[in-house]
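Report on the following structure.
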Amino acid sequence: MSEKDQERTEKRTERGLPKIYPYKSKSYNWLVSWRHDGKRERYYFKTHDKAETKRAELLKTIKQEGGEGLLFGAVARSEYAAAKMILDPFNVSIIEAARYYEQKHRSKADSVDWKEAVFSYVEFLERGNRRPRTISEARKNLRYFQKWTECETLEQFTPDICEAWLASGGWKPSTLARYRASLSGFGTYAVRKKWIAENPVEKLTPPKLDRGNPTVYTIEEANRLLTEAAKLHGGRIVRRLALLLLCGMRPTEIDHLSPEDFRPDGVRIGTGKLRGRRSVRFLPFSLSFRAWWDHHPGKIKPSNFRKLYEQAKRNAGIEKTGTKLERHTWISARLADCKDENQVAREAGNSPDVIYNDYFQLIDEAEAAQLGAYCTLDEPEK
């Protein structure tokens, strides 16, 4: 061994030895730390003398038994002795017992059919009264995973396979996060059922999401969109669009409304992302909403809504895209108008933190007051 190699070895050995560091705490002033094979151990002491005594004990053990002597402590030694005592009458070593357990567990995973496991997981979600969208996404994403990997049993549900699938599509981080969530939920269920020993998704690094600022319509764009929507097919989509844009409701919440939920001054919402009774809330109608609602009778679930909505956007000269543009716009305008984040969060069915992180975009107070300002329209197109 050359002098440089020997010097490097000595430095690595020195880095792994226990050292004493000052530690700022109300209870402890000194820290003894050491590392071996990537594992770090720490011990805390009030005085330097006690820390030095502990360091000397650790150094003595390392000199006599090596770093493994510290890792293989009293608890590990007692467990080893107990396991050896159990296995000695059968003339079986601990390694043989561990291999037998691994083979038995692996054969169990191999016997669990993938499609049957997914079917059981979906039933579990349905019994737990999970949201229909959550159940639908889990079923779809797991079917997508199985089609790509061609796996037939849970034995093929490994970290390498999961990572390869997530890297195969070039998806954006938000899509990766949804796919990973579906796999992770299924993995947790499989562990609970004792089909597999551990969730393979837990070993994967989650994608980093850069949310940025949410996209919103300007007030002028929102009003222009309503005007163009009113010209199409006798304003067939205006009522649903008004609920989205001037009340900030989610599409699933609109779909669950009944005639009894509508009151003279607002609407009662009984579903949402908040669980249990917290999802029940009352959303008041603004004067601008009432104007559009009263002048354009129609259904809240009109046919061809998405097609007509996109046509209205084109006619209004709007090129912005997004799945929650209407809700983002209403929340931002509502917060600028009433200046009460708790009230807006309650009306929107979210927490104040979610309002600011996911929805809010700064809108001028004077402009916010003009959201949905009603104007006289020409004769609508037939």
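We did not get these values from a lab; they are worked out from the coordinates using the rules stated. From a predicted model like this one, the values you see are computed outputs, not experimental measurements. Please note: Cβ atoms are built from the backbone with ideal geometry, for glycine as well, and neighbour counts cover all protein chains shown.
Work out the charge dipole of the stretch 178-244 with +1 on the Cβ of Lys and Arg and -1 on the Cβ of Asp and Glu about the Cα centre, then indicate which of PRO206, GLY185, GLY235 is farthest towards its positive end. Of the options given, the answer is GLY185.
Which ordering of ARG236, ARG99 is given by a fewest-first count of other beta-carbon atoms within 10 Å?
ARG99, ARG236
Taking the Cα centre of the stretch 219-368 as reference, the dipole from Cβ charges on Lys and Arg (+1) and Asp and Glu (-1) amounts to some 780 debye.
Below 12 angstrom from the Cβ of GLY298, what's the summed charge of the other residues (Lys, Arg +1; Asp, Glu -1)? Walk me through the numbers on the way to the answer.
Values: positive: ARG236, ARG239, ARG240, LYS299, LYS301; negative: ASP294.
Charge balance in the 12 Å sphere: +4.
Both numbers refer to the Cα atoms of the stretch 112-203; Rg and Dmax are 12.3, 34 Å.
From least to most packed, judged by other beta carbons within 10 angstrom and beginning with the fewest, TRP148, TRP292, TRP195, TRP330 follow the order TRP148, TRP195, TRP292, TRP330. Of the GluC sites (Glu not before Pro) found in the stretch 152-185, those that fall in a DSSP loop while having at most 13 other beta-carbon atoms within 10 Å are GLU152. A DSSP coil position with no more than 10 other Cβ atoms inside 10 Å describes the following GluC sites (Glu not before Pro) in the stretch 223-330: GLU319. Annotated for the stretch 219-368: lysine pairs at least 8 residues apart or interchain, Cα distance under 15 Å, count 4.
Treat the count of other C-beta atoms within 10 Å as a stand-in for reagent exposure and order HIS328, HIS256 from fewest to most. All intermediate terms of the calculation are to be shown ahead of the outcome.
On the way: HIS328 21, HIS256 13.
Going from sparsest to densest Cβ surroundings: HIS256, HIS328.
According to the Kirkwood relation over distinct C-alpha pairs, the hydrodynamic radius of the stretch 219-368 is 15.7 Å. Charge tally for CYS162 (other residues, Cβ to Cβ under 11 Å; Lys, Arg +1; Asp, Glu -1): -1.
Residue-wise HN-Hα couplings along the stretch 17-23, as the Karplus relation 6.51 cos²θ - 1.76 cosθ + 1.60 with θ = phi - 60° gives them from phi, are 6, x, 10, 10, 10, x, 9 Hz; Gly and Pro carry x.
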